[in-house]
Amino acid sequence: MNVSSPSRTDSGEGLREGELKGASLSLPVGLNPDLAPESFRKSKMKPFSLVEEASASEEERRAYWRVLRAFFRTAKGGGLPKGARFTSALLAPYLDASPLHTAYPLWIPDKETYAKMPDFPAGGYQTVGTLLKEAARTIAPGEEEGAVLKANLPRLERIIRLKLSVAGEAFKAGPLWDDAAQEIQKELQLKGVEALVFSGDLNKLQKQLPVGGMVVPFAQNTPLNLLAAFLEENQRNRTEQLRNQLKRVLPALRDLIAIEKQKLPDAKEAGQLKQGLDFAGSFVNFEALAEVLPDTGPADLSKSRFQRLEQVLLALEGAESSLCGKSGQMVLSRTFHEKSVFNWGQQFEAAAFKVVEPEDVFATAAAWFDETMAEAAQTLKALRIAQLELENHYQADLHDDWFGHFNWKMFSDEEMTLCTPVILFLEAEGLMGSSLQAFSQCLASNIPVKIVALPEQGNTGKGMAYRPEPAALAIAHRNAYVLQTAALDPFALLDGFRDGFVGNMPAFFYLTSAGVAGDNTGDKGYLNTLAAVEGREFSGVSYHPGKGPNWGSRFSLVQNPEPESDWPTHSMEYKTGKTGTATEAIASPMPITLVRWALSLRTSIWFPPGFGMPI
């Protein structure tokens, strides 16, 4: 069948109402009509027209079957005509405009935002649509106020999306708002009083929008942008938790040291007494007083405790720099680093980096982890000793030996969360090749290194007799947190980071986004990735070893559409007969299968020449 695209009445502006979170974010408006405004549901789309072609001749059928049998016997001779591109009919209506309701673009606050607004909620990420509406509501709370501006907020958002789509990268918020404001005034070309009012309202809106932070589109590097945002959030949280503990411990520790100092043998010498009681110098003979003061106890015991407390105080005064000075220690495979188009230093500005050869990434990460944890152990040991001393529970004959062997394996989950994470980055395909053994050994060793793997563009397991499944391999080790997901829902991905970076366990993140599943420009990247998820090519799955007593209770498939079904099913409306004929529209259930994902790719090795193309 030939498929003709539906006609449109506009370019898709003003097609959103409200911002949603959760699984619904992974469905296009047209595929889930409840998310679309009423006007769009009624008039914006027209059914497909499916035209039936003449049946093939007997000779054509035999030729087709010969090609097909040869393809399945030899795996050669397949492929579509050069330059050909096919799209699933169910997705085709959404590739020419922007009627998608997604969580992108996403505004991510930066540390300056939190510095200026201490009460701003941690992880206060917002979709641009929500940000614009809240800002407009603030400057024009009345229904009649800012009417022209409010009516054009969808247009303003569309301009922002297009700018981000062209760049394919995150933008600083302030300059982006300014560019979009200039563009919308050029588009509208308002005149007279209406132009003055709109310009004034637009200026107020710009001042209301946050200047700091980044605006992230759905693009190839979206998972890395979101990880950078999470690590910054994590560093703030770690610092705040540590400061809260130190606020309680340090003042009491200093008081205890002052008391212990008075118990030292030289504390009753005349000079020390005069220094502490100088106000009584006119009527107290300090030398005589020193002669009659009793001994305070064993001199060696008091001195030993005093020295221990001073060492603890010194370690705790540098605790924030030691534990929370970096957002992460990052080890990058050299091939991954060279292929990535990403400004690592700018996005992860508070992190430390090492770029090493692919065969050395796991050994380097393990060694750096040991080094980082050895430094953290000194600080956390000091914190524990301080708490024992303040409660008068420290027993030197018992605790001296125990703390002499204190290391990261003795950390509680809360203590491990305070430490700087060590993160390893590499291409997922490398895990199933030369790095397979090192990957398995890293997980089996239970070292809490966090591994982030992204699929290589255009690589679908070429040269392998099976499709690589690194997440399944990680789950088989049973002790690691595992998350395989696309970045369709940024809030779900951020929650996955929060789960995986907590506690004393390794973690493996297998992530994909636009650019891996096909064309990565604008909404096409979102739809192609959506097709990969719905077609079960890249299913979402998480495994948390600490949740639930049984094996099955530790899994979650909630990020998948219709996880209880073999394939998610949507309804497609179409007409039969020649284009323009007055036939009734037919609504037909359409499963989103692996075939539809394969058709979304720019080129495909999945179909031989002449293969009948599915709708």
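The values are calculated or read from the model by the stated rules, or taken from the named source; none is laboratory data. The model shown is predicted, which means the values in this text are computed figures rather than measured ones. With ideal geometry, Cβ positions are generated from the backbone for all residues, glycine too; neighbour counts draw on all protein chains shown. These accessible areas exclude ligands, DNA and RNA; they are computed on the full protein's heavy atoms, side chains included. Shrake-Rupley method; radii C 1.70, N 1.55, O 1.52, S 1.80 Å.
Within the stretch 151-176, can you find the residues that are under 19 Å from Asp110 (Cβ atoms), of a type in the set (Gly, Ala, Ser) and in a helix (DSSP H, G or I)?
Passing the criteria: Ala167, Ala173, Gly174.
Taking Asp179 and the conditions (1) in a helix (DSSP H, G or I); (2) crowded, with 17+ Cβ neighbours inside 10 Å; (3) at pLDDT 70 or above, which numbered condition does it fall short on, given that it satisfies the others?
Against the list (1) in a helix (DSSP H, G or I); (2) crowded, with 17+ Cβ neighbours inside 10 Å; (3) at pLDDT 70 or above, Asp179 comes up short only on (2).
Does the stretch 413-434 hold any residues that are surrounded by fewer than 22 Cβ atoms within 10 Å (Cβ to Cβ) and polar (S, T, N, Q), and which are they?
Thr417, Ser434
Which of the residues belonging to the stretch 233-261 are of a type in the set (Asp, Glu), farther than 16 Å from Asp495 by Cβ and buried (at least 16 other Cβ atoms within 10 Å of the Cβ)?
Of everything in the stretch 233-261, just one residue is of a type in the set (Asp, Glu), farther than 16 Å from Asp495 by Cβ and buried (at least 16 other Cβ atoms within 10 Å of the Cβ), namely Glu260.
Report whether or not Leu162 is crowded, with 22+ Cβ neighbours inside 10 Å and either out of contact with any Pro (no Cβ under 9 Å at 6 or more places or on another chain) or at pLDDT 95 or above (or both).
no
How do the pairs read when you match residues in the stretch 376-393 that are farther than 14 Å from Cys419 by Cβ with residues anywhere that are open to solvent by 10 Å² or more (accessible area, probe 1.4 Å) and of a type in the set (Ser, Thr, Tyr), using Cβ under 8 Å and keeping only pairs 6 or more apart or on different chains?
If the second residue must be open to solvent by 10 Å² or more (accessible area, probe 1.4 Å) and of a type in the set (Ser, Thr, Tyr), the pairs left are Ile385/Tyr394; Leu388/Tyr394.
Gln395 passes all but one of (1) within 22 Å of Phe230 (Cβ to Cβ); (2) modelled with pLDDT under 95; which number fails?
If we test Gln395 against (1) within 22 Å of Phe230 (Cβ to Cβ); (2) modelled with pLDDT under 95, just (1) comes out false.
Taking the stretch 321-338 on its own, how many of its residues are of a type in the set (Asp, Glu) and at pLDDT 95 or above?
0
Taking strands (runs of 3 or more DSSP E) that do not extend beyond the stretch 469-576, which have at least 2 residues that are open to solvent by 20 Å² or more (accessible area, probe 1.4 Å) and among the hydroxyl-bearing types (Ser, Thr, Tyr)?
In the stretch 469-576, the matching strands (runs of 3 or more DSSP E) lie at 569-576.
Mind checking which residues of the stretch 185-222 are under 30 Å from Phe425 (Cβ atoms) and either outside any loop (DSSP other than H, G, I, E, B) or charged (D, E, K, R) (or both)?
Met214, Val215, Val216, Thr222
Only residues in the stretch 415-438 that are under 10 Å from Pro358 (Cβ atoms) count as the first member; pair them with residues that are surrounded by fewer than 19 Cβ atoms within 10 Å (Cβ to Cβ) and at pLDDT 90 or above, Cβ under 6 angstrom, at least 6 apart or cross-chain, and list the lot.
Every condition considered, the pairs that remain are Gly430/Pro358.
Determine which member of the set Ala366, Ala352 is among the hydrophobic types (A, V, I, L, M, F, W, C), within 30 Å of Asp110 (Cβ to Cβ), modelled with pLDDT of 95 or more and out of contact with any Phe, Trp or Tyr (no Cβ under 7 Å at 6 or more places or on another chain).
Among Ala366, Ala352, only Ala352 is among the hydrophobic types (A, V, I, L, M, F, W, C), within 30 Å of Asp110 (Cβ to Cβ), modelled with pLDDT of 95 or more and out of contact with any Phe, Trp or Tyr (no Cβ under 7 Å at 6 or more places or on another chain).
Is the stretch 300-313 home to any residue that is buried (at least 16 other Cβ atoms within 10 Å of the Cβ), within 20 Å of the chain's Cα centre (by Cα) and of a type in the set (Ser, Thr, Tyr)?
no
Going by the conditions given, is Asp400 within 30 Å of Asp255 (Cβ to Cβ) and open to solvent by 20 Å² or more (accessible area, probe 1.4 Å)?
Numbers: within 30 Å of Asp255 (Cβ to Cβ): yes; open to solvent by 20 Å² or more (accessible area, probe 1.4 Å): yes.
It is true that Asp400 is within 30 Å of Asp255 (Cβ to Cβ) and open to solvent by 20 Å² or more (accessible area, probe 1.4 Å).
Are any residues in the stretch 201-230 over 16 Å from Ala103 (Cα atoms), β-branched (Val, Ile, Thr) and surrounded by 22 or more Cβ atoms within 10 Å (Cβ to Cβ), and if so, which ones?
If the condition is that a residue be over 16 Å from Ala103 (Cα atoms), β-branched (Val, Ile, Thr) and surrounded by 22 or more Cβ atoms within 10 Å (Cβ to Cβ), then no residue fits.
Please give the number of the condition Gly496 fails out of (1) farther than 17 Å from Ile423 by Cα; (2) out of contact with any Lys or Arg (no Cβ under 7 Å at 6 or more places or on another chain).
So Gly496 meets the others, but not (1).
Kindly list the number of the only condition in (1) farther than 18 Å from Thr138 by Cβ; (2) of a type in the set (D, E, K, R); (3) buried (at least 16 other Cβ atoms within 10 Å of the Cβ); (4) more than 22 Å from the chain's Cα centre (by Cα) that fails for Glu157.
Of (1) farther than 18 Å from Thr138 by Cβ; (2) of a type in the set (D, E, K, R); (3) buried (at least 16 other Cβ atoms within 10 Å of the Cβ); (4) more than 22 Å from the chain's Cα centre (by Cα), only one is false for Glu157: (1).
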